[in-house]
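Colleague: Here it is, the structure in full.
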Amino acid sequence: MTALKLENVNKSFGSVHVLKDINLTVEEGEFVVFVGPSGCGKSTLLRVIAGLEDATSGTITIGNEVVNTVPPAKRGIAMVFQSYALYPHLTVKDNMALGLKQEGQPKSIVEERVTSASRMLDLDQYLTRRPAELSGGQRQRVAIGRAIVRDPKLFLFDEPLSNLDAALRMNTRVEIAALHRTLSASMIYVTHDQIEAMTLADKIVVLRDGRIEQVGSPMELYNNPANRFVAGFLGSPSMNFLDRSVSGLAAGRTLGIRPEHLTLRADGQLSGEVTHVERLGGDTNLLVRTDQGETLTVRLFGQNATEVGSRISLGFDAAAAFYFDDADQRILPAAA
Amino acid sequence: MNKARRNPGTTIAAHGALVLYTLIALFPVFVILINSFKTRKAIFREPMALPNTESFSMIGYETVLKQGDFFLYFQNSMIVTVVSLFLVLLFGAMAAFALAEYRFRGNTLMGLYLALGIMIPIRIGTVAILEMMVATGLVNTLTALILVYTAQGLPLAVFILSAFMKGVSDDLKNAGRIDGLSEYMIFFRLVLPLVRPALATVAVFNMIPIWNDLWFPLILAPSEETKTLTLGSQVFIGQFVTDWNAVLSALSMAILPVMILYVFFSRQLIRGITSGAVK
Ligand SMILES: Nc1ncnc2c1ncn2[C@@H]1O[C@H](COP(=O)(O)OP(=O)(O)OP(=O)(O)O)[C@@H](O)[C@H]1O
Ligand SMILES: [Mg+2]
């Protein structure tokens, strides 16, 4: 069964067309991640799914029901916000219980669900506190708990980790992955973060300017990007695009090569001068200015003694290169 | 304040300025209070002196209390002020919520229309208001005053409150919607508690002019049963002789209720529970 189906969904705010012909299916139990640059409409799409904004046109189906005119509380969804959005005057327990009470669930069920969610999220000893008395990480767990107790068909997360510091973000990321396994619920997750997208997703949806650019599993998108935008968006450091530095490239074509696929080699296809070196311990990143004046990034595994200002020669495996035409669409090597 | 940022010099200067301002602001009140306890002669001979055994007199208070209806005037003023404030806050907050929260045609226009009310004094319409009150038979009722003061207070209330309501996190309201709260519950249970300081500000701003107003009680409700305190005190101010003892005593007593209301609202001003709601 499909958990969510979007057909030709459009959304305009006045004359601003924010979402354009969105078609998407989320299977039951799937973890889908929306990524895209800021302002591309990720949050808007999530809010349209939640029912907080009405779609201008198109149909939204959750489970087997068309929900275009169903209010948010009756759509069988729960949402976790970037800003936590906890009710400031209620205790942790009441924050989690409010939705169930509004549904008119009997006390015993409310009690039971809140207890099991707070155990799952390690919130037992905080149940009587107010949100102001919790740390950021605890607040976000309460927000997640508030979503869990409602036992929704579909979870919606809007950048839930972006207010947390790096260590906590990693922990919470792992917790969310574990949660997905335990609950085997369908989840949609919006993020800016490459790592979150790659590690959590069954399926990544790349958005740009309100359009879906490509949908696929993380490795599919990494290995087989449909166009230059997707190729450049996924992967960190991002892919190098060259149109002058490589010989034998037809006019209007661009060659893409990931930083990790470039190696130092005496007789490489590219040569240039090192302008900057980033030593990360496990990796070394070189910024190189080619003789043709293009800048590229090289990611070398391990530590490397290359100095700024030195001349180097770089090679790559032709099979690892991507080719794009003048409309930025990917072309297969045979056609290039 | 953070300890590290506290500098004794600036603290003293700031407190000095505040104390000075307090003294200046309280001085007239102080003069009214001390003179209300003095004999008529003492008031004129030494207006600044404290009452002593010789000049002490309760004659003013006796006159005021003997003047029969003083407690009724008191009650009228209290009813008019409290009910008007309640209506201003309720309708002002509701209108502000609608303007801040919902996108509808004419939203901006409506906001501007309401803002116009801040700039045009309601007294310009006195004649028309009086005609309306006569036509509806509301002359000499407290309802007339309450309606006028509510109308007078709404524009500023809407203006201030909508600015504050725009500041309430959208995520919080949306979380409420997803949890199944109705728009009314979101308004009353999520938004109002968060803008409580703004509500208190609006209440304080509106309270004093309503309590002190002489104009509308004189024109719309001058009858004995509907006189407000300010209007009632005018009986002591004659064209030729003014009973200063009574006037000062009436004024002194009139301060009390406003002060109680003020203390009540300022507690709301200080009590901030918003922290921790949203990051
Ligand atoms: N209520 C609104 N009225 C008008 N325009 C809006 C409204 N909400 C969003 N937009 C516009 O829609 C576009 C998409 O916004 P959205 O918040 O969905 O972006 P996003 O992808 O979530 O960005 P970010 O990653 O920064 O959160 C933006 O250009 C924004 O200006
Ligand atoms: Mg967003």
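The values are calculated or read from the model by the stated rules, or taken from the named source; none is laboratory data. Everything numeric here is computed off the predicted structure, so don't read it as measured data. Because the Cβ atoms are built from the backbone with ideal geometry, glycine has one as well, and the counts that use them run over all protein chains shown. Just so you know, the surface numbers come from the protein's heavy atoms only, side chains and all, with ligands and any DNA or RNA stripped out. Shrake-Rupley method; radii C 1.70, N 1.55, O 1.52, S 1.80 Å.
Colleague: Would you tell me the accessible area of B:Thr201, worked out with a 1.4 angstrom probe on the heavy atoms of the protein chains, in Å² to the nearest 10?
Modeller: Estimated to the nearest 10 Å², B:Thr201 gives 50 Å².
Colleague: Indicate, rounded to the nearest 5 percent, the antiparallel portion of the DSSP beta bridges found entirely in the protein assembly as shown.
Modeller: 75
Colleague: Can you say what percent of the DSSP beta bridges in chain A, counting only those with both residues inside, are antiparallel? Round to 5. Could you put the intermediate results ahead of the total?
Modeller: Values: 50 of 67 bridges.
Roughly 75 percent of the DSSP beta bridges within chain A come out antiparallel.
Colleague: At a threshold of 8 angstrom on Cα-Cα distance, excluding pairs fewer than six apart, so keeping six or more, what relative contact order does region A:238-335 reach in percent?
Modeller: 32 percent.
Colleague: I need the Debye-formula profile for chain A: one equal scatterer per C-alpha, no solvent, reported as log10 I(q)/I(0) at q = 0.07, 0.08 1/Å, two decimals.
Modeller: For chain A at q = 0.07, 0.08 Å⁻¹, log10 I(q)/I(0) is -0.38, -0.48.
Colleague: Sticking with this structure for a sec: Could you give me the ³J(HN,Hα) list for region A:240-252, computed from phi with Karplus coefficients 6.51, -1.76, 1.60 and θ = phi - 60°, whole Hz, x at Gly and Pro?
Modeller: Each residue's phi maps through the Karplus curve to give 8, 10, 10, 10, 10, 6, 9, 7, x, 8, 5, 4, x Hz.
Colleague: Could you pull the accessible area for A:Glu294 with a 1.4 Å probe, rounded to 10 Å²?
Modeller: Counting only protein heavy atoms, the figure is 20 Å².
Colleague: To the nearest whole number, what is the average tally of beta carbon atoms from other chains within 10 Å of the beta carbons of peptide A:88-101?
Modeller: Values: counts 12, 7, 2, 0, 0, 0, 0, 2, 1, 1, 6, 6, 2, 2.
The shielding value for this peptide is 3.
Colleague: In nm, give the distance between the simple-model label positions of B:His15 and A:Asp124, each being 7 Å from the Cα along the Cα-to-Cβ direction.
Modeller: So the label points at B:His15 and A:Asp124 sit 5.0 nm apart.
Colleague: Taking each residue in A:258-264, count the Cβ atoms of any other chain within 10 Å of its Cβ, then average. What number comes out?
Modeller: Details: counts 0, 0, 0, 0, 0, 0, 0.
Partner-chain Cβ atoms within 10 Å, mean over residues of A:258-264: 0.
Colleague: Follow-up question, since we're still on this one. For region B:159-279, what value does the Rg/Rh ratio take when both radii are computed over Cα atoms and Rh is the Kirkwood radius, given to two decimals?
Modeller: Details: Rg = 21.2 Å, Rh = 17.8 Å.
Rounded to two decimals, Rg/Rh equals 1.19.
Colleague: Taking the Cα centre as origin and putting +1 on Lys and Arg beta-carbons and -1 on Asp and Glu beta-carbons, what dipole magnitude results for the protein assembly as shown, to the nearest 20 debye? Can you show the working numbers first?
Modeller: Working: 55 positive and 53 negative charges, 279 e Å.
With Lys and Arg at +1 and Asp and Glu at -1, about 1340 debye.
Colleague: Hey, what did chain B get for relative contact order, percent, Cα under 8 Å, at least 6 apart? Walk me through the numbers on the way to the answer.
Modeller: Details: 261 pairs, mean separation 78.9, N = 279.
Rounded, it is 28 percent for chain B.
Colleague: If you don't mind, there's one more thing I want to ask. Given labels modelled 7 Å from the Cα in the Cβ direction, how far is it in nm from B:Thr22 to A:Leu332?
Modeller: Using points 7 Å along Cα→Cβ, the separation is 8.5 nm.
Colleague: Loop only by DSSP, 14 or fewer other Cβ within 10 Å of the Cβ. Give me the trypsin sites (Lys or Arg not before Pro) in region B:1-77 that pass, ordered by residue number. Write out the running numbers ahead of the final one.
Modeller: Numbers: sites: B:Lys3, B:Arg5, B:Arg6, B:Lys38, B:Arg40, B:Lys41, B:Arg45, B:Lys66; in loops: B:Arg6.
Qualifying residues, ordered by number: B:Arg6.
Colleague: Summarise the partner chain shielding of B:166-173 as one whole number: the mean count of Cβ atoms from other chains within 10 Å of each residue's Cβ.
Modeller: Details: counts 0, 0, 0, 5, 5, 11, 7, 2.
Mean partner shielding for this stretch: 4.
Colleague: At 1.4 Å probe size, what's the solvent-accessible area of B:Met133? Round to the nearest 10 Å².
Modeller: B:Met133 has an accessible surface of roughly 10 Å² with all protein chains in place.
Colleague: Extension gain B:Glu225-B:Met58, at 0.36 nm per residue separation less the Cα-Cα distance, in nm? Intermediate results must be reported in sequence, preceding the final value.
Modeller: Numbers: separation 167, 0.36 × 167 = 60.12 nm, distance 2.65 nm.
Using 0.36 nm per residue and subtracting the Cα-Cα distance, I get 57.5 nm.
Colleague: So, R0 is 60 Å and r is the distance between the beta-carbons of A:Asp291 and B:Met119; what FRET efficiency does that work out to, to 0.05?
Modeller: On the way: r = 69 Å, r/R0 = 1.15.
Working from the Cβ atoms, E equals 0.30.
Colleague: Please find the FRET efficiency linking B:Tyr262 to B:Ala128, where r is the Cβ-Cβ separation and R0 is fixed at 56 Å, and quote it to the nearest 0.05. Could you put the intermediate results ahead of the total?
Modeller: Working: r = 33 Å, r/R0 = 0.59.
My answer for the efficiency is 0.95.
Colleague: If you don't mind, another one. Taking the inverse of the average 1/r across all pairs of different Cα atoms in region A:49-123, what Kirkwood radius in Å do you get? Walk me through the numbers before you get to the answer.
Modeller: Numbers: mean 1/r = 0.0694 Å⁻¹.
Its Kirkwood hydrodynamic radius stands at 14.4 Å.
Colleague: Output the Cα-based Rg and Dmax of region A:238-335 in Å, rounding Rg to one decimal and Dmax to a whole number.
Modeller: Rg then Dmax for region A:238-335, in Å: 13.5, 40.
Colleague: Residue by residue, what Karplus-based ³J(HN,Hα) values in Hz, rounded to whole numbers, does region A:143-155 have, using 6.51, -1.76 and 1.60 with θ = phi - 60° and x for Gly and Pro?
Modeller: Result, rounded to whole Hz: 4, 5, x, 4, 6, 5, 4, 7, 6, x, 6, 9, 8.
Colleague: Let me ask something else. Once the piece of chain linking A:Ala319 and A:Phe301 is laid out straight, how much longer is it, given 0.36 nm per residue of separation minus the C-alpha distance between them? Display every interim value, and only then the final one.
Modeller: On the way: separation 18, 0.36 × 18 = 6.48 nm, distance 1.97 nm.
Additional length available on full extension: 4.5 nm.
Colleague: Output the pairs from A:Lys101/A:Lys203; A:Lys20/A:Lys153; A:Lys11/A:Lys107; A:Lys107/B:Lys166; A:Lys20/A:Lys101 with a Cα-Cα distance over 32 Å in this structure; if there are none, say none. Provide the component values of the computation, followed by the final result.
Modeller: Values: A:Lys101/A:Lys203 34 Å; A:Lys20/A:Lys153 26 Å; A:Lys11/A:Lys107 40 Å; A:Lys107/B:Lys166 35 Å; A:Lys20/A:Lys101 37 Å.
Too far apart for the 32 Å limit: A:Lys101/A:Lys203; A:Lys11/A:Lys107; A:Lys107/B:Lys166; A:Lys20/A:Lys101.
Colleague: Moving on. What does a probe at A:Ser271 reach in region A:292-336, counting residues whose amide N is under 20 Å from the point 7 Å along Cα→Cβ?
Modeller: So the set is A:292-298, A:306-318.
Colleague: I'd like the FRET efficiency for A:Met170 and B:Ile32, computed as 1/(1 + (r/R0)^6) with the beta carbon distance as r and R0 of 56 Å, rounded to 0.05.
Modeller: Details: r = 68 Å, r/R0 = 1.21.
About 0.25, to the nearest 0.05.
Colleague: For chain A, what is the relative contact order in percent, using Cα pairs closer than 8 Å and at least 6 residues apart in sequence?
Modeller: It comes to 16 percent, rounded to a whole number.
Colleague: Starting from the 7 Å offset along Cα-to-Cβ, what nm value, one decimal, do you get for the label separation of B:Phe188 and B:Phe86?
Modeller: 1.4
Colleague: Angle between the Cα long axis of helix B:196-212 and the longest principal axis of chain B, 0 to 90 degrees, nearest 10?
Modeller: It works out to around 30 degrees.
Colleague: Ok, one more. Using a Gaussian network model of chain A whose springs link C-alpha atoms within less than 10 Å, name the residue from A:Leu264, A:Leu200, A:Leu121 with the highest mean-square fluctuation.
Modeller: In this elastic network of chain A, the residue with the biggest mean-square fluctuation among A:Leu264, A:Leu200, A:Leu121 is A:Leu264.
Colleague: Please identify, among A:Val308, A:Val80, A:Val92, the residue showing maximal mean-square fluctuation in a Gaussian network model of chain A using a 10 angstrom Cα cutoff.
Modeller: Of the options given, A:Val308 has the highest mean-square fluctuation.
Colleague: Cα axis of helix A:166-183 to longest principal axis of chain A: angle in degrees, 0 to 90, nearest 10?
Modeller: For helix A:166-183, the angle is close to 60 degrees.
Colleague: Would you mind checking the tilt of helix A:107-120 against the longest principal axis of the Cα atoms of chain A, expressed as 0 to 90 degrees and rounded to 10?
Modeller: 30
Colleague: Compare the peptides B:105-111, B:180-186 by average per-residue count of other Cβ atoms within 10 angstrom and give them in order, highest first.
Modeller: Working: B:105-111: 11.3, B:180-186: 16.3.
Averaged packing, sorted descending, gives the order B:180-186, B:105-111.
Colleague: May I ask you to rank A:Met79, B:Met94, A:Met1 by accessible area, largest first, using a 1.4 Å probe over the protein chains only? Working shown, then result.
Modeller: Values: A:Met79 15, B:Met94 60, A:Met1 130 Å².
So, going from the largest accessible area down, we get A:Met1, B:Met94, A:Met79.
Colleague: Treating each Cα of the protein assembly as shown as an identical point scatterer and ignoring solvent, apply the Debye formula and state log10 I(q)/I(0) at q = 0.07 Å⁻¹.
Modeller: -0.68
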